[in-house]
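Contents: one structure, followed by commentary.
The values are calculated or read from the model by the stated rules, or taken from the named source; none is laboratory data. This one's a predicted model, so the numbers in the text were calculated from it and none came from an experiment. Quick reminder, even Gly has a Cβ in these numbers, built from the backbone with ideal geometry, and neighbours come from all protein chains shown. For accessibility, only protein heavy atoms count, side chains too; no ligands or nucleic acids. Shrake-Rupley method; radii C 1.70, N 1.55, O 1.52, S 1.80 Å.
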Amino acid sequence: SALKTFITSGFLTSSTAALTYLTIANSRFTLETITGTTYTLAANKVTSNGRYVLEFSDNAFTSLTLPTPTSLGVTTGDSVQVRITGTYAAQTLVEGSGATIEGSAAFNAQWHTKSLIAKSSTVWAVVG
């Protein structure tokens with residue numbers, strides 16, 4: 001049939017589908033509790049589907065440093081979610097060497113969540 005020819009002619013093979021499309025298991029959010037008073041964003045927390053939610057639980061937490069997207073090896077459009085779960089105490093995002101934050105760097109309450117999106121090789125877009 002025409003559909004079988006289309007699929008087996010390299011347009012959609014099982015190996016292409018497995019490498020290209022998300023599975024249910026890797027599209028769910030992963031909530032990870034981060035303790036300590038400061039934290040520097042790690043490369044493995046920034047993903048193409050923004051599935052990591054970093055929850056900062058330390059009541060004395062003060063800052064999250066954002067290295068440049070390039071230094072983390074992430075691609076434009078990759079993202080991570082950041083959420084304050086501890087008592088609010090003036091938490092803020094901090095620009096690492098060469099990085100620029102576009103948007104509000106301050107959290108204004110407990111449970112506040114922000115999305116950090118790699119906008120370019122040096123810029124993080126902050127939403128929320």
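One chain, two ends: Trp111 and Phe29. Fully extended at 0.36 nm per residue, the span grows by 27.9 nm beyond their Cα-Cα distance. The heavy atoms of Thr122 offer some 50 square angstrom of accessible surface to a 1.4 angstrom probe.
Between Thr70 and Val127, what is 0.36 nm times their sequence separation minus the Cα-Cα distance? Round to one decimal in nm.
Result: 18.5 nm gained on full extension.
Please identify which residues in the stretch 37-62 have an amide N closer than 19 Å to a label point set 7 Å out from the Cα of Thr87, following the Cα→Cβ vector. The answer is 37-38, 56-62. If I ignore ligands, DNA and RNA and count only protein heavy atoms, how much of Glu95 is accessible to a 1.4 Å probe, in Å² to the nearest 10? Roughly 100 Å² of Glu95 is accessible to a 1.4 Å probe. For the set Glu102, Glu55, solvent exposure ranked by accessible area (probe 1.4 Å, protein chains only) runs largest to smallest as Glu102, Glu55. Excluding ligands, DNA and RNA, the accessible surface per residue across the stretch 73-128 is 45 Å² with a 1.4 Å probe.
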